[in-house]
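Trainee: My questions will all concern the structure given below.
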Amino acid sequence: MKIFLDSANLQELRKGAAWGIVDGVTTNPSLIAREGVPMEEQIRKICDIVDGDISAEVVSTESREMIADGRRLATIHKNVVVKLPLIRDGIQAAKALSSEGIRVNVTLCFSAAQALLAAKAGAYIISPFIGRIEDTGWPGMDLIEDIAAIYSKHGYRTQVLAASIRGALHVVEAAKAGAHIATMPFKVLDQLFDHPLTERGLNQFLSDYNKAFELVKS
Ligand code: E4P
């Protein structure tokens with residue numbers, strides 16, 4: 001499963017990229033707004049940091065404008081994937097852009113029926129939002145499993161990207177459910193490293209080694 005960072009913060013992206021395990025980045029208009037830099041400028045900077053798929057979302061809601069915005073975003077860098085919301089105009093724009101060879105990530109997916117439409121429109125990625133589904137009291141991972149099963153049964157090549165991930169358990173469950181990609185905030189990626197037994201074990205190893213070394217020296 002690929003790991004993406006769900007962030008538009010350059011400091012976080014640099015840290016994650018340095019670890020060598022970040023395969024791509026997802027952004028959304030809220031994340032870009034948080035950085036206070038216009039979309040295209042920030043996406044260009046992100047493409048210089050992470051070498052992988054970089055999702056950049058359109059901010060229009062009418063298909064013709066979405067297609068024009070998508071074409072413009074796609075010229076920023078070869079790694080840009082145009083993100084479109086799962087609304088009627090978004091699916092229409094997804095079909096048009098995919099037919100031109102522009103890779104599309106259909107976002108704000110909350111049902112398997114919606115995911116089917118995205119696949120039929122030729123989407124490169126579908127983004128079901130796990131955390132936001134669970135906020136409403138429904139199990140988010142069932143959706144990942146359903147979409148992965150439907151795509152595999154019918155041979156759709158659209159990748160399932162588990163989005164709106166809130167913690168380490170979501171990442172593990174998404175991998176088990178068959179997600180091709182999980183996108184997560186930097187804080188969650190950072191947490192994936194931690195285990196108290198790793199820390200305790202390392203402290204013990206180093207202390208044993210240092211004690212022995214001190215003994216040899218004296
Ligand atoms: C995905 O591409 C979205 O940017 C993101 O995962 C949304 O997550 P949130 O529900 O934590 O805002």
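Trainee: If Gly167 satisfies all but one of (1) small (Gly, Ala, Ser); (2) within 15 Å of the ligand (Cβ to nearest atom); (3) without any contact (Cβ under 8 Å) to a residue 60 or more places away in the chain; (4) within 22 Å of Glu57 (Cβ to Cβ), what's the number of the condition it fails?
Mentor: It fails just one condition, (4).
Trainee: Quickly run through segment 175-190 and pick out the residues that are surrounded by fewer than 18 Cβ atoms within 10 Å (Cβ to Cβ) and among the β-branched types (Val, Ile, Thr).
Mentor: Selection gives nothing.
Trainee: From the residues in segment 177-203 that are among the β-branched types (Val, Ile, Thr) and in a helix (DSSP H, G or I), which one is farthest from Leu10 (Cα to Cα)?
Mentor: Looking at residues that are among the β-branched types (Val, Ile, Thr) and in a helix (DSSP H, G or I), I get Thr198.
Trainee: For segment 142-169, what are the residues that are crowded, with 20+ Cβ neighbours inside 10 Å and within 22 Å of Gln191 (Cβ to Cβ)?
Mentor: Ile144, Leu161, Ala162, Ala163, Ser164, Ile165
Trainee: Please pick out the residue among Ile46, Ile54, Ile21 that is in contact with a strand residue (DSSP E or B) (Cβ under 8 Å, 6 or more places away or on another chain), surrounded by fewer than 17 Cβ atoms within 10 Å (Cβ to Cβ) and of a type in the set (A, V, I, L, M, F, W, C). Can you show your working first?
Mentor: On the way: Ile46 fails: surrounded by fewer than 17 Cβ atoms within 10 Å (Cβ to Cβ); Ile54 fails: surrounded by fewer than 17 Cβ atoms within 10 Å (Cβ to Cβ).
From the options Ile46, Ile54, Ile21, the qualifying one is Ile21.
Trainee: What about Ala174, is it within 14 Å of the chain's Cα centre (by Cα), modelled with pLDDT of 95 or more, part of a helix (DSSP H, G or I) and of a type outside the set (Ser, Thr, Tyr)? Walk me through it before giving the result.
Mentor: Values: within 14 Å of the chain's Cα centre (by Cα): yes; modelled with pLDDT of 95 or more: yes; part of a helix (DSSP H, G or I): yes; of a type outside the set (Ser, Thr, Tyr): yes.
In short, yes.
Trainee: Is it true that some residue in segment 77-95 is closer than 18 Å to Arg157 by Cβ and more than 16 Å from the ligand (Cβ to nearest atom)?
Mentor: yes
Trainee: OK, next. Applying the selection to segment 143-156, what residues are among the charged types (D, E, K, R) and free of Cβ contacts under 8 Å to residues at least 12 places away in the same chain?
Mentor: Answer for segment 143-156, where residues must be among the charged types (D, E, K, R) and free of Cβ contacts under 8 Å to residues at least 12 places away in the same chain: just Lys153.
Trainee: Let me ask something else. Considering each of Val104, Val172 in turn, give the residue that is more than 14 Å from the ligand (Cβ to nearest atom) and either under 29 Å from Glu65 (Cα atoms) or surrounded by fewer than 22 Cβ atoms within 10 Å (Cβ to Cβ) (or both). Reasoning before the result, please.
Mentor: Working: Val104 fails: more than 14 Å from the ligand (Cβ to nearest atom).
Residue meeting the stated conditions: Val172.
The values are calculated or read from the model by the stated rules, or taken from the named source; none is laboratory data. Not measured: the values here are computed from a predicted model. With ideal geometry, Cβ positions are generated from the backbone for all residues, glycine too; neighbour counts draw on all protein chains shown.
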